[in-house]
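J.: There's a structure below that I have some questions on.
What follows is calculated from the coordinates using simple rules that are stated; it is not laboratory data. Just so it is clear, the model here is predicted, and its values are computed rather than measured. Quick reminder, even Gly has a Cβ in these numbers, built from the backbone with ideal geometry, and neighbours come from all protein chains shown.
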Amino acid sequence: MNLSELQESLRERVRAAAAEKFGVELEQFPAEVPPRTELGDLAFPVAFELAKRIKQATGEKRNPRAIAEELKQVLESDAAVARVEVAGAGYLNLFYDRARLLAALSSSTTEATAAAPSSEDRPKRMVEHTSVNPNKAAHIGHLRNSVLGDTFVRILRANGERVEVHNYIDNTGVQVADVVVGFQHLEGMSLADVRALDASLKEDYPFDYYCWDLYARVGLFYRGGDPDAKEDPERLKLRVETLHALEEGGNATAELADYVATRIVHQHLDTMRRLGITYDLLPRESEVLHFLWSHAFERMKESGAIHFQTEGKNRGCWVMPMEGHEGSEEHEPDKVIVRSNGTITYTGKDIAYQLWKLGQVDLNFYFKPFRTEPDGHAVWTTTSNKEEAASDAPHFGAGATVYNVIDSRQSYPQEVVKRGVAAVAPQVGEAASAHLSYERVVLTPAAAEELGLELSTEEKSRTFVEMSGRRGLGVKADDFIDTLEANALREVEGRHPDIPDEEKRAAAHALAVGALRYFLMKWTRNSVIVFDFKEALSTKGEAGPYCQYAAVRANSIFRKLPNGELENAQRLIASSAAEGGEAAESVRKVFEGEIGDEIWSLVTLAARLPQVLQQSASFAEPSHLAKYTFQLAQAFNFFYNRDENRILEERDAVRRAVLVYVTDFVRTQLTSALATLGIEVPERM
């Protein structure tokens, strides 16, 4: 039994008693955790609500404290409750039987780990994240999207949900078209030339880095070489022509774009795999256009979601009216879905794709394997070629809820998608589409300079530096991860100069990933993140390595214990709970007094993990889990540093067994919380 199940069991006792004793049907009522352990483990202020409801129903005025006294007897009959105190005007403060609950908490964790619940019978949750334009290397802003999406996926799965992970590949969009313009018109290259170039590039300047620089050159080309000038309409015609060629397909320009996009997607997946991130399906925009668009377009017209504009600035366009945005200076009251030149906006394609994700179109893609990751995980992609389709492809799509991880600047387009889907498919409505928005990542001046960015005197004096592709203030994700790993390696070498180099690099990688993922997750999604290397890698503050260090310390204890001691401690706790009597009383004594309360607070904090996971999923806010993980690591370090809790020096057999048992429970929960954040625990730090 975990704490959530125990609390619900106790709530049910209160509901039954309220109906039987007072004739009141209670549905939901609050449960509170007292601020200090000595005040109780759980508090129900339900007597006040009952007094109010009794008066409303009968006119009888009942004293809440007297009501609480009656409920006290009911709650004390629960085997998990040691005693109940009525406090103040009628609060019910519950104290758990610590010996009995300790055994139950640890055994429930072991059972859950050994046999995780099947999610096959649950509605499918679909999470789309990363979705980096496949025209150049990923940058550090993309990492927040990917880490946020991946962590949310892990949280959903930890809650037993069935999840399908998408990484949408915009292989026919403006950014890919611009790189193709660069290859064809600035460099005069054919597909064969680009292939040869790719094969000739060195490891420290790969294809996605080359395209990063080429993309910047194309931007300058459109502006006649002046980064502050307006784009030249004549030169922009090359972009429009290329876009049309990409959307039509079956031509040399589209083939070149396909090579560029596919090659860079592989490199993006390599980058994200360094952080433990992978995907189930890579849906490509070319297939959205080929399979879904015409059908979705007709559905949008038939439903009245869009209409053809015959006058005004949007003349010749298909638009979606956006009620509530009339007169808005920030957003258009009519969102363009199809432009007057026939090209489809991102929002139009997204509506078609969202309808498919929710199982609201009869058409489907063809699927083929894209790659298999080193751990054996298969990544699939869509294809227009029926001959490439795999007969054993998983059943993709048809989700009950779709979460799109996209930055907050896309909130308006995401609102359009949500409304468009609801208009076409009112049976799923707007609730099936969720936007997981987030703010940008910026750098401290020190971090920017460490990454090789040249800053002006004025920029050095700022709190943070914003990145700008036009000015070259951009940081490639792989460069960023490399810098983190180099810093972490120096830390590891300073502490463990004699261990093998391979072990040093493995530890440095784990620390770097832990530092980055935790730093990106500890802030709420609506917070701008100001990244600093020193702060992220700290083992003394709120940082990933600090949490990892707590788990490493816990694990080190068990390497020093005699063989079988953990199993003996588990048997002692289990038998004391089952038998009761003196055995149970000796366990309870360990939790008496100030130090005992501190140990019990650590136990109950560790036991809260399932509740935190549920809250993180319900609010779509991984920072709840990150904050909890830090609190648990902090509480364990406090426990570890107390002289009274030195396990290896403890001579009292029962107290030593309890300390071993508690430490094992805490390290199990802490390791699980870290794993859900995508952070591994290294052997040493």
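J.: Quick one: which of LYS237/LYS386; LYS230/LYS522; LYS522/LYS589; LYS313/LYS349; LYS335/LYS357 span more than 31 angstrom between C-alpha atoms?
T.: On the way: LYS237/LYS386 34 Å; LYS230/LYS522 40 Å; LYS522/LYS589 37 Å; LYS313/LYS349 22 Å; LYS335/LYS357 22 Å.
Beyond 31 Å between Cα atoms: LYS237/LYS386; LYS230/LYS522; LYS522/LYS589.
J.: Could you tell me the relative contact order of the chain? Use alpha-carbon pairs under 8 Å, at least six residues apart, and round to a whole percent.
T.: 14 percent
J.: Tell me, what is the FRET efficiency for GLU311 and LEU236 to the nearest 0.05, using R0 = 30 angstrom and their Cβ-Cβ distance as r?
T.: For R0 = 30 Å, the calculated efficiency reads 0.75.
J.: Next question. Could you size up the charge dipole of the chain around its Cα centre, putting +1 on the beta carbon of Lys and Arg and -1 on that of Asp and Glu, and report it in debye to the nearest 20?
T.: 1140 debye
J.: Continuing with the same structure: Just to be sure I understand the model, the point goes 7 Å from the Cα along the line to the Cβ. What's the resulting GLU187 to ASN341 distance in nm?
T.: Placing both labels 7 Å beyond Cα along the Cβ direction yields 2.4 nm.
J.: May I pose another question? Working from Cα positions, state the angle (0 to 90°, nearest 10) between the long axis of helix 653-676 and the longest principal axis of the chain.
T.: 20 degrees
J.: List the trypsin sites (Lys or Arg not before Pro) within the stretch 579-676 that DSSP assigns to loop and that have no more than 12 neighbouring Cβ atoms inside 10 Å.
T.: ARG642, ARG651
J.: Another question, then. Report the gain in length on full extension from LEU363 to ALA446: 0.36 nm times residue separation, minus Cα-Cα distance, nm rounded to one decimal.
T.: 24.7 nm
J.: Still on this structure: Working from Cα positions, state the angle (0 to 90°, nearest 10) between the long axis of helix 98-114 and the longest principal axis of the chain.
T.: Relative to the chain, helix 98-114 is tipped by roughly 30 degrees.
J.: Fully extended, how many nm does the chain gain between GLU32 and ALA199 (0.36 nm per residue separation, minus their Cα-Cα distance)?
T.: The span from GLU32 to ALA199 would gain 53.8 nm if fully extended.
J.: May I pose another question? Hey, can you grab everything whose amide H is under 5 Å from the amide H of THR401? Only 5+ residues off in sequence or another chain; H modelled, so Pro and N-termini drop out.
T.: Those lying under 5 Å, H to H, from THR401 are MET126.
J.: Hey, quick one: spin label on LYS21, modelled 7 Å out along Cα-Cβ, who in the stretch 32-51 has an amide N within reach, i.e. under 14 Å?
T.: So the set is 44-51.
J.: Set the Förster radius R0 to 35 Å, insert the Cβ-Cβ distance between SER408 and ASN641 as r into 1/(1 + (r/R0)^6), and round the FRET efficiency to 0.05. Mind dumping the intermediate values first?
T.: Details: r = 41 Å, r/R0 = 1.17.
Once rounded, the FRET efficiency stands at 0.30.
J.: Using 1/(1 + (r/R0)^6) with R0 = 30 angstrom and r between the beta carbons of SER4 and ASN555, what's the FRET efficiency to the nearest 0.05? Spell out each step's value before the answer.
T.: On the way: r = 27 Å, r/R0 = 0.90.
E(calc), rounded to 0.05, equals 0.65.
J.: How far, in nm, would the chain grow between ARG274 and ASN526 when pulled straight, counting 0.36 nm per residue and subtracting the alpha carbon separation?
T.: Length gained between ARG274 and ASN526: 88.2 nm.
J.: Before rounding to the nearest 500, sum -39500 (n - 2.57) across all DSSP H runs of length at least 4 in the chain and divide by the residue total; then give [θ] at 222 nm in deg cm²/dmol.
T.: -17000 deg cm²/dmol
J.: A further question follows. Would you be so kind as to identify which of TYR628, ALA536, VAL681 lies farthest towards the positive end of the dipole of the chain, taking Lys and Arg as +1 and Asp and Glu as -1 on Cβ and the Cα centre as origin?
T.: Working it through, the farthest residue towards the positive pole turns out to be TYR628.
J.: From the backbone phi of the stretch 454-460, what are the Karplus-calculated ³J(HN,Hα) couplings (6.51 cos²θ - 1.76 cosθ + 1.60, θ = phi - 60°) in whole Hz, Gly and Pro given as x?
T.: 8, 10, 6, 4, 5, 5, 5
J.: Please turn the phi angles of the stretch 502-519 into ³J(HN,Hα) values with the Karplus equation 6.51 cos²θ - 1.76 cosθ + 1.60 (θ = phi - 60°), one per residue in order, whole Hz, x for glycine and proline.
T.: My calculation for the stretch 502-519 gives 4, 5, 4, 5, 5, 5, 5, 5, 4, 5, 4, 5, x, 4, 5, 5, 5, 4 Hz in order.
J.: Across the stretch 86-97, in residue order, what do the Karplus-derived ³J(HN,Hα) couplings come to in whole Hz, using 6.51 cos²θ - 1.76 cosθ + 1.60 with θ = phi - 60° and x for Gly and Pro?
T.: 9, 10, x, 7, x, 6, 9, 9, 9, 10, 6, 6
J.: Long-range amide H contacts for TYR96: which residues qualify at under 5 Å (H placed 1.01 Å from N, peptide plane, sequence gap of 5 or more or a different chain)?
T.: ASP41, ALA82
J.: For the chain, count all C-alpha to C-alpha pairs, find those more than 40 Å apart, and express that count as a whole percent of the total. Walk me through the intermediate numbers first.
T.: Values: 101089 of 234270 pairs.
Above the 40 Å cut-off, the chain has 43 percent of its Cα pairs.
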